[in-house]
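No lab work stands behind these numbers, since they all come straight from the coordinates. Please read all numbers here as calculations on a predicted model, not as lab measurements. With ideal geometry, Cβ positions are generated from the backbone for all residues, glycine too; neighbour counts draw on all protein chains shown.
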Amino acid sequence: MRLGYFLSSEEHGPAALLEQAELAQSAGFEALWISDHFHPWNREQGQSPFVWAVIGGLSRVTDLPVTTAVTCPTIRTHPAVVAQAAATAAVMTGGRFRLGVGSGEALNEHVVGARWPTADVRLEMLEEAVGVIRKLFTGEDVDHHGRHYAVEDARLFTRPETPVPIYVSGFGPQAAEFAGRIGDGFCTVTPDAELVKTFRSSGGGDKPVQAGTKVSWDRDADVALDAAHRLWANDMLPGQLAQTLPRPRDFADAMTLVPREKMGESVATGPNPDDHAKQVREYIEAGVDEVFVQQMGPDTEGFFASFERDVLPQLRS
């Protein structure tokens, strides 16, 4: 079991993300997740730096493993370009990079003017994209003319010694089965033992399962809850809204339907280390191998101090 920190590209600019990565390593976190977004979920979050540039910076300030959580290699960015970016990231991190991929959200992908496909087509595109990326990771000349993508006379010259592992995200049984079939690992955000079992029984076996979770640490519990609700109430939206709403202001409108107290029922808020440890422990008990914790809100230094002193030790005892 590995405990990592989740870098939020939606909430923080490049310099802050690099600083948090250093703080995470000093506090005892063992790995990093980093989100790959064109837009934040809502304007209150306020950031969205280009993830590949930030990963280059991370390679200079920390030696922790890094996984994108997650990259969509289907519409906004062609899979051949993602393959080159991932290979370079792996070289820069000394082989500590993992490419997390998913079928994406309209929020980020529609910006290039493309039609937003249905869920089954998005999975079909993702499977073909992963195949293209793996071909390019071999270092051989690649020609590919598939249903969704064309690659002509392409070859990656800057590559790590071994191909970059590709972890596939999923939030329901169909996606978990899909990840088990094509992935080198599984990424999720819920402590769902059934999803983990589905992944493993569908071909995942003993491959790594990663999960991200959010908490809001603050010395004042009300301030912590306010920050969680103001910044991340979008996490509470039902159904397919997270995949289909196209603009940050659309998420902001939908977030007004989420009661403040609902956030407090779903995530640990405030300074009590036992609350935070309990939330992380749910993922461990569900069979997750690597849990990545994201701090919502401004007091990141307080968060890291508390986790180093009071939370990580009890999770490892």
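Relative to the dominant Cα principal axis of the chain, helix 51-61 is inclined by about 70°.
For the pair L237 and S266, the difference between a 0.36 nm per residue extended length and the Cα-Cα distance amounts to 9.2 nm. Any idea what angle helix 14-27 forms with the longest principal axis of the chain, computed on alpha-carbon atoms, 0 to 90 degrees, nearest 10? Helix 14-27 and the main axis of the chain meet at about 70 degrees.
Contact order for the chain, expressed relative to its length and based on alpha carbon pairs under 8 Å spaced 6+ residues apart, stands at 19 percent. Note on the range 101-199: Kirkwood hydrodynamic radius from all Cα pairs is 15.0 Å, rounded to one decimal.
When only alpha carbons are used to place a centre, the range 48-71 and the range 193-253 end up 20 Å from one another.
What the phi angles of the range 123-137 give under the Karplus curve with 6.51, -1.76 and 1.60, with θ = phi - 60°, is a coupling list of 5, 4, 5, 5, 5, 5, 4, 4, x, 4, 4, 5, 4, 5, 4 Hz, glycine and proline written as x. Each Lys or Arg adds one and each Asp or Glu subtracts one; over the other residues with Cβ under 12 Å from the Cβ of G100, this totals -2. Against the chain, whose longest principal axis is taken from its Cα atoms, helix 173-182 shows a tilt of about 50°.
Taking a Cβ cut-off of under 14 Å around E301, the surrounding Lys, Arg, Asp and Glu residues balance to a net charge of -3, with basic ones at +1 and acidic ones at -1.
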